[in-house]
Amino acid sequence: VQLQAYGGGLVQAGGSLRLSCAISGSVFTINTMGWYRQAPGNQRELVASITSGGSTYYAESVEGRFTISTEYPKNTIYLQMNSLKPEDTAVYYCAAQKWFKDEYDYWGQGTQVTVSS
C-alpha cells in the first residue's frame, strides 16, 4: 500500500484548505484511514479517522471544523479544514490501518499546513 498526500499550503486564519491522500496497492487490506499532524516540538497526534464502514473520529481540537471523507472509486481520502487557526499549523500525514490492527501500518509523506494570524 502506498499513500501520497498533497494539498497543504499557506492560508490566513479563518481560511480553508483541503488535503488529499491517494491510496494505491492492496487497498482491500485497509479498514481505517486517518490524518495525523505534528507541529514542531509536539508529539504526533491523530486529527481524524474514518473506517471502511464510514465511522469517523475527530480530535476535540478540530471537531466541527474539519471533515474527513473518502472517495473509493478514486481511492482517495480528504481532510476538509475550515476556520483554520494558527495552532493548526503542522505537517499533516495520512495513514492507513489494516483490518484487525490497532496501529497504523502505512504512512504517506507529510504535507505542510501553515496558518498565519
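The values are calculated or read from the model by the stated rules, or taken from the named source; none is laboratory data. Bear in mind the structure is a predicted one, so any value in this text is a computation, not a measurement. Positions of Cβ are generated from backbone atoms using ideal geometry, with glycine treated the same way; all protein chains shown enter the neighbour counts. In case anyone asks, the SASA skips ligands and DNA or RNA and just uses the protein heavy atoms, side chains included. Shrake-Rupley method; radii C 1.70, N 1.55, O 1.52, S 1.80 Å.
Taking 0.36 nm per residue of sequence separation and subtracting the Cα-Cα distance, how much length would be gained by fully extending the chain between Val1 and Glu60, in nm to one decimal?
Going from the current span to full extension adds 18.3 nm.
Rg (Å, one decimal) plus Dmax (Å, integer) for the alpha carbons of region 65-117?
Just the Cα atoms of region 65-117 yield Rg and Dmax of 13.3, 42 Å.
Suppose every Lys and Arg Cβ carries +1 and every Asp and Glu Cβ carries -1, with no other charges. What dipole size does region 6-117 come out with about its Cα centre, to the nearest 20 debye?
Charge dipole, region 6-117, about its Cα centre: 240 debye, nearest 20.
Over the heavy atoms of Ser69, what accessible area does a 1.4 Å probe trace out, to the nearest 10 Å²?
40 Å²
Could you give the length gained on full extension between Thr67 and Arg44, defined as 0.36 nm per residue of separation minus the Cα-Cα distance, in nm?
6.4 nm
What ratio of Cα Rg to 2.2 N^0.38 Å holds for region 5-48?
Output field value: 1.45.
Looking at region 12-117, which GluC sites (Glu not before Pro) are in a loop (DSSP not H, G, I, E or B) and have at most 13 other Cβ atoms within 10 Å?
Glu60, Glu63, Glu103
Take every Cα-Cα distance within the chain, group them into 10 Å bins from 0 onward, and report for each bin the whole-number percent of pairs it holds.
Taking every Cα pair in the chain, the percentages come to 15, 50, 29, 6, 0.
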